[in-house]
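The structure appears right after this line, and notes come after that.
The values are calculated or read from the model by the stated rules, or taken from the named source; none is laboratory data. In this text, all values refer to a predicted model and were calculated from it rather than measured experimentally. All Cβ positions, glycine included, derive from the backbone under ideal geometry; neighbour counts span all protein chains shown.
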Amino acid sequence: MEFFDRSPGGIWRRRLAGIACPIAAAALLASCNPGPGGGKPDSWLISPDDKGEYWASYGRTYNEDHFSSADQIDTSNVARLGLEWAYDIDVPLRADSQPLFADGKVYIATGLSVVQAIEAKTGRTIWRYDPGVAKVAGKKLYPSWGIRGLALWKDKVIFGTQDGRLMALDARDGKELWSTQTLGPDVDQSGEATITGAPRVFDGKVLIGFGGAERGSVRGAISCYDAETGKRLWRFYTVPGDPAKGFENAAMKMAAQSWSGEWWKFGPGGTVWNAITYDPEFRRIYVGTGNGGPWNWKIRNPKGGDALFLNSIIALDADTGEYVWHYQENPNEAWDYNAAMDITLAELEIDGKPRKVLMQAPKNGFLYVIDRATGKLVSAEKLGKVTWAEGVDLKSGRPIEKPGIRYENGPVVLWPGTFGIHNWQPMSFSPRTGLLYIPAIRQADAYSSEGVDTANWKPTENAWNTGMGDVSAVKQELASAEFSSSLLAWDPVRKKAAWQIPTPGIVNGGTMATGGGLVFQGLIDGTFNAFDAASGARLWSFDAGVSVLGAPITYVLDGVQYVTVLAGPPSGAAAGSLTSQAKFGWRYEHPRRLLTFRLDGKARLPETAPPGPATPIADPPGAARASADQAAQGAALYGNRCGACHGVGAVASGGAPDLRASGIPLDPDTFANVVQGGLLLSRGMPGFPDLDGKELEALRLYIRGQATGGGKASQGQGAGP
């Protein structure tokens, strides 16, 4: 019998000679290999060839493939799938993270990092923990992205908070075990960095990064902590700091040669806010880095150069955090083309030979297959409409950029836009079909440096700081672009789509593939669906009464397979900011729920309000109207401070209240107490004390103008995730 075994020295394959009894083998495995709950095997983290009992890590296994071998629910019987229970969540803001399951409990984190444990069979609350983010996060509440996932290790639930803490709770009762502040002046000079992503765990160690590069002076890094104590073990910076202070290692010295100007004064980005994958075979960590801060390369890297390690996949030694290799997808990144999307490990047969690879579908529109041993590019193919590059040169690994894309000759419209062809919502990979299942986006954006004094540009506190300029010259081109989405099944070996089906809206939920030949995905129209993994045929659909944008999981408990997913109004860029998303009628008041299904489930959802548009409030008689200057100032302030949550042009999609239908902007004093004074901090609405009276009034009158003028707005540039 052969299995994977964890030990303090690492993970390796061991043969159990002379153990004929499977029960005895399992007992030995359990005794040497503690997992969730402290006594069960955790080979589920290493090998997908199990019974699908657990889902105790973000991607389920170290492969980060969001695949479960559970096959009780399959293509022949999925039509019998029914709701077993629904759990209403009394936490405001986001409910699109991914649950975890172990030892009979489902764990969720929603809104401002509020963690709950729920009995998996019944939906009964076991415990609830609120880390009090609203009390300490300050401006980091904005834009209320919330939390995307958790980690489990032995008897611990581990998660990050928006204010930068990494925390561990006792999985049995939710009591705090330790808390570590992961941020400091070495990575966050402006106080704008946040944690939104899921930690990863291996060998008693925890990996975490952070985001915020377009908000302030933030220097990207990935850090490793002791799972028992929260003590930091190592940190790897993804971009070089001030040369006058020396470089932390040879990798940073090398990277600095690819920068120009005084980049360190701007951060300059490269945050690890999502993609972290542990590879037990090579004993490595792979991280995907984010955009430059600011986006405008003329500010942070004025003479050009590759700007390492922005928009890259970096391989690190798992024990020491030392650099091994890197692959940069977009040299001198300039469009918010994050490489922070999930990184999936697999062994594929390429040119007739097995090859250990990693796969990534980043924002820039290509599907990359990379050799894990060497970092060498195997293939890179367009997944959809891509106008910034002709392709990727396989010999050099560099993109073949089209002229003018760096807005050096004026404003440009590029496909994809800042939301990418694939955003942070997880893709999945089935080793049974050999296909990747990608929640694909079709969206463009405009980029410009017009009107920006790049030599003297300064960031604005508590605002988006992309460094972008006037795009009016291409506004009509962008406004006429047709955005859409699809579920894309991609064959990474044949380098082409196996099938593709249209999906509603622009941003939809992450995917999950199963051993039953199914792909599950929730959609913004309020349906949760099961598709045939081979053909894309929709085999089952459930009306959830609100959009379903969380990533689903499945697990087996007492011989029964369950499927669980979070549902709630779309929130945060990219799902909640575009005006076209508002057409589905989800409002802030709609429920946030955890839904759990099984074959022949008979439960029914409680009655909920039907979807429908928000009703703007009319101005009272004699109400003030914005002057042309006030309207322009208010529009700029709204775009920088409010749009990511409350929607472009004040047309909300549900993740935050529709301000056109709110009574708060009707009264200047109330508006000031909320926006400037932070009256609604507990609900995740930050205060903006830096706004003066004239700015507040311009912002208020702009919102009222959107209410009385019908709230028309363009599909303008988003802020990214």
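Inspect all residues belonging to segment 450-462 and state whether any of them is assigned to a helix (DSSP H, G or I), of a type in the set (Val, Ile, Thr) and over 23 Å from the mean Cα position of the chain (by Cα).
Step one: list which residues in segment 450-462 are assigned to a helix (DSSP H, G or I), which gives none.
No, every residue in segment 450-462 fails to be assigned to a helix (DSSP H, G or I), of a type in the set (Val, Ile, Thr) and over 23 Å from the mean Cα position of the chain (by Cα).
Is there a residue in segment 642-661 that is polar (S, T, N, Q), in contact with a helix residue (DSSP H, G or I) (Cβ under 6 Å, 6 or more places away or on another chain) and either modelled with pLDDT under 90 or assigned to a helix (DSSP H, G or I) (or both)? Steps first, answer last, please.
Kept after step one, since they are polar (S, T, N, Q), are these residues of segment 642-661: 653.
Next, only the ones that are in contact with a helix residue (DSSP H, G or I) (Cβ under 6 Å, 6 or more places away or on another chain) stay: 653.
Subset that is either modelled with pLDDT under 90 or assigned to a helix (DSSP H, G or I) (or both): 653.
Yes, segment 642-661 contains at least one residue that is polar (S, T, N, Q), in contact with a helix residue (DSSP H, G or I) (Cβ under 6 Å, 6 or more places away or on another chain) and either modelled with pLDDT under 90 or assigned to a helix (DSSP H, G or I) (or both).
So is residue 304 farther than 25 Å from residue 149 by Cβ, without any contact (Cβ under 8 Å) to a residue 12 or more places away in the chain and small (Gly, Ala, Ser) or not?
On the way: farther than 25 Å from residue 149 by Cβ: yes; without any contact (Cβ under 8 Å) to a residue 12 or more places away in the chain: no; small (Gly, Ala, Ser): yes.
Spelling it out, it is not the case that residue 304 is farther than 25 Å from residue 149 by Cβ, without any contact (Cβ under 8 Å) to a residue 12 or more places away in the chain and small (Gly, Ala, Ser).
Being modelled with pLDDT under 95 and surrounded by fewer than 20 Cβ atoms within 10 Å (Cβ to Cβ) is the requirement here; does residue 717 meet it?
Values: modelled with pLDDT under 95: yes; surrounded by fewer than 20 Cβ atoms within 10 Å (Cβ to Cβ): no.
Spelling it out, it is not the case that residue 717 is modelled with pLDDT under 95 and surrounded by fewer than 20 Cβ atoms within 10 Å (Cβ to Cβ).
Among the residues of segment 496-516, is any touching a Gly at 6+ places or on another chain (Cβ under 8 Å), assigned to a strand (DSSP E or B) and surrounded by 21 or more Cβ atoms within 10 Å (Cβ to Cβ)?
yes
Of all residues being charged (D, E, K, R) and assigned to a strand (DSSP E or B) in segment 523-577, which is farthest from residue 607 (Cα to Cα)? Just the residue, please. Explain how you work it out, then say what you get.
Keep residues of segment 523-577 that are charged (D, E, K, R), which gives 525, 532, 538, 543, 558.
Still in the list and also assigned to a strand (DSSP E or B): 532, 538, 543.
On the way: 532: 30, 538: 26, 543: 12 Å.
My answer is 532.
Does segment 264-271 contain any residue that is closer than 19 Å to residue 359 by Cβ and in a strand (DSSP E or B)?
We begin by selecting, within segment 264-271, every residue closer than 19 Å to residue 359 by Cβ; these are none.
No, the conditions are met nowhere in segment 264-271.
Just to confirm my filter: which strands (runs of 3 or more DSSP E) fall fully inside segment 59-147 and include at least 1 residues that are over 30 Å from residue 358 (Cα atoms) and over 21 Å from the mean Cα position of the chain (by Cα)?
On the way: elements: 81-88, 100-102, 105-110, 114-119, 125-129.
Hits in segment 59-147: 81-88, 105-110, 114-119, 125-129.
Quick test of your reading of the structure: residue 408 fulfils all but one of (1) within 24 Å of the chain's Cα centre (by Cα); (2) modelled with pLDDT under 95. Name the failing condition by number.
(1)
Looking at segment 77-119, which of the residues that are farther than 21 Å from residue 603 by Cβ and among the acidic types (Asp, Glu) is surrounded by the fewest Cβ atoms within 10 Å (Cβ to Cβ)?
Per the stated criteria, the residue is 103.
Suppose the filter is under 25 Å from the mean Cα position of the chain (by Cα) and of a type outside the set (Asp, Glu); does residue 622 pass it? Working first, answer last.
Working: under 25 Å from the mean Cα position of the chain (by Cα): no; of a type outside the set (Asp, Glu): yes.
Against the criterion (under 25 Å from the mean Cα position of the chain (by Cα) and of a type outside the set (Asp, Glu)), residue 622 does not qualify.
Is it the case, given these coordinates, that residue 400 is hydrophobic (A, V, I, L, M, F, W, C), part of a loop (DSSP other than H, G, I, E, B) and surrounded by fewer than 22 Cβ atoms within 10 Å (Cβ to Cβ)? Give the steps one after another, and end with the answer.
Numbers: hydrophobic (A, V, I, L, M, F, W, C): yes; part of a loop (DSSP other than H, G, I, E, B): no; surrounded by fewer than 22 Cβ atoms within 10 Å (Cβ to Cβ): yes.
No: the conditions fail for residue 400.
Cβ-Cβ distance below 9 Å, separation of 6 or more or different chains: which pairs start in segment 660-675 with a residue that is assigned by TED's automatic domain parsing to the domain that holds residue 688 and end on one that is part of a helix (DSSP H, G or I) and hydroxyl-bearing (Ser, Thr, Tyr)?
Short answer, once both residue conditions are applied: 660/708; 663/670; 664/670.
Kindly indicate whether residue 550 is in contact with a strand residue (DSSP E or B) (Cβ under 7 Å, 6 or more places away or on another chain), at pLDDT below 95 and crowded, with 19+ Cβ neighbours inside 10 Å. Steps first, please.
Working: in contact with a strand residue (DSSP E or B) (Cβ under 7 Å, 6 or more places away or on another chain): yes; at pLDDT below 95: yes; crowded, with 19+ Cβ neighbours inside 10 Å: yes.
Against the criterion (in contact with a strand residue (DSSP E or B) (Cβ under 7 Å, 6 or more places away or on another chain), at pLDDT below 95 and crowded, with 19+ Cβ neighbours inside 10 Å), residue 550 qualifies.
When only residues in segment 244-302 that are farther than 21 Å from residue 342 by Cα and hydroxyl-bearing (Ser, Thr, Tyr) count, which is farthest from the chain's Cα centre (by Cα)?
The qualifying residue farthest from the chain's Cα centre (by Cα) is 260.
With respect to residue 637, determine if the residue is more than 16 Å from residue 579 (Cβ to Cβ), surrounded by fewer than 18 Cβ atoms within 10 Å (Cβ to Cβ) and of a type outside the set (S, T, N, Q). First the steps, then the outcome.
Details: more than 16 Å from residue 579 (Cβ to Cβ): yes; surrounded by fewer than 18 Cβ atoms within 10 Å (Cβ to Cβ): no; of a type outside the set (S, T, N, Q): yes.
Spelling it out, it is not the case that residue 637 is more than 16 Å from residue 579 (Cβ to Cβ), surrounded by fewer than 18 Cβ atoms within 10 Å (Cβ to Cβ) and of a type outside the set (S, T, N, Q).
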